[in-house]
Amino acid sequence: MTEPTIKHLDKVQAILKKNDFQTARLIPILQEVQEIYRYLPREVMSYVAKELGMPAGEVYGVATFYAHFALDPKGKHVIRLCNGTACHVRGSEPILAAVREKLGLAKGKNTTDDLMFTVETVSCLGACGLAPVMVVDEETHGQMTAEKALALIDKILESEKA
Ligand code: FES
């Protein structure tokens, strides 16, 4: 029986089927499931565990072990600021502060309440020559300044309104 409160369970079921309900395929299964929700909701992990016939704790264990898996909801747009040495030296921190302030993110929060933006810091992205570097939805922007970063956010907000 499926819980009607969980959305997209049919898609999760299709992923499980495609992977022959094999526990050995847990990681690729979770990767695909994460693509649906942009994170791994707890109730969906329980569902996956039940369908694979394994303890839910084991599934959570795998999800928490790999940094690649997100356990909290992420925003529609993900902004990553590099905080590696080169970017740090060239002023990534004030950019981060400006971005967080613009999005009204209180201390300890990385995602806006409307789930529109998530802001993260990452270690060296391997583009130090372009420092400071900011990645917006997988697109890399170099030689960032707070002004440029805020303009990029405005652009996204505009396109969301359109
Ligand atoms: S330190 Fe930021 S790209 Fe290397």
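Values in this text are rule-based calculations from the coordinates and carry no lab data. Since we're looking at a predicted model, the values are computed, not measured. Positions of Cβ are generated from backbone atoms using ideal geometry, with glycine treated the same way; all protein chains shown enter the neighbour counts.
Observations, loosely collected:
- Per residue, the average separation of C-alpha pairs within less than 8 Å and at least 6 apart gives the chain a relative contact order of 19 percent.
- Under a model in which nothing but the beta-carbon of Lys, Arg (+1) and Asp, Glu (-1) is charged, segment 77-161 shows a dipole of about 280 debye around its Cα centre.
- Working note: Debye formula, equal point scatterers on the alpha-carbon atoms of segment 1-136, no solvent; log10 I(q)/I(0) at q = 0.12, 0.15, 0.16, 0.17 Å⁻¹ is -0.59, -0.81, -0.87, -0.92.
- Cβ-placed point charges (K, R +1; D, E -1), dipole of segment 9-65 about Cα centre in debye, nearest 20: 40 debye
- Short-range pairs are left out: with C-alpha atoms under 8 Å and at least six residues apart, the relative contact order of segment 77-161 is 38 percent.
- Cα shape, segment 102-162, gyration tensor, a/c 1.5 rule: oblate
- Residues of type lysines that LYS74 reaches as a straight line, Cα spacing below 17 Å, ignoring anything fewer than 8 places off in the same chain: LYS7, LYS107, LYS109
- For segment 115-154 versus segment 65-95, the gap between their alpha-carbon centres in whole angstrom: 8 Å
- Amide hydrogen proximity for GLU120: with H placed 1.01 Å from N in the peptide plane, the residues at 5 or more positions away or on another chain lying under 5 Å are ILE79, ARG80, LEU81.
- Here each label is just a point 7 Å from Cα along the line to Cβ, and for ALA56 and GLU158 those points are 4.6 nm apart.
- Prolate/oblate/rounded call for segment 26-93, Cα gyration tensor, a/c under 1.5 rounded: prolate
- Per the chain, cysteines lacking a partner by the 4.7 Å Cβ criterion: CYS124, CYS128
- Helical content of the chain, expressed as a calculated mean residue ellipticity at 222 nm, amounts to -14000 deg cm²/dmol (DSSP H runs of 4 or more residues, -39,500 (n - 2.57) each, divided by residue number, nearest 500).
- ³J(HN,Hα), Karplus 6.51/-1.76/1.60, whole Hz, each residue of segment 97-114, x for Gly, Pro: 4, 5, 5, 4, 5, 4, 8, x, 7, 6, 3, x, 10, 10, 10, 6, 4, 7
- Residue-wise HN-Hα couplings along segment 147-161, as the Karplus relation 6.51 cos²θ - 1.76 cosθ + 1.60 with θ = phi - 60° gives them from phi, are 4, 5, 5, 5, 5, 5, 5, 4, 4, 5, 4, 4, 5, 5, 6 Hz; Gly and Pro carry x.
- Ordering ASN19, LEU103, HIS8 by the projection of their Cα atoms onto the charge dipole of segment 1-146, which places +1 on the Cβ of Lys and Arg and -1 on the Cβ of Asp and Glu, puts LEU103 at the extreme positive end.
- Likely footprinting exposure, HIS77, HIS8, fewest C-beta neighbours within 10 Å first: HIS8, HIS77
- Nearby lysines by direct alpha-carbon distance to LYS148 (threshold 19 angstrom, same-chain neighbours under 8 apart not counted): LYS102
- Three-way shape call for segment 9-65 based on the alpha-carbon gyration tensor, with the a/c threshold at 1.5: rounded
- Rounded to 5, percent antiparallel among DSSP beta bridges of the chain: 55 percent
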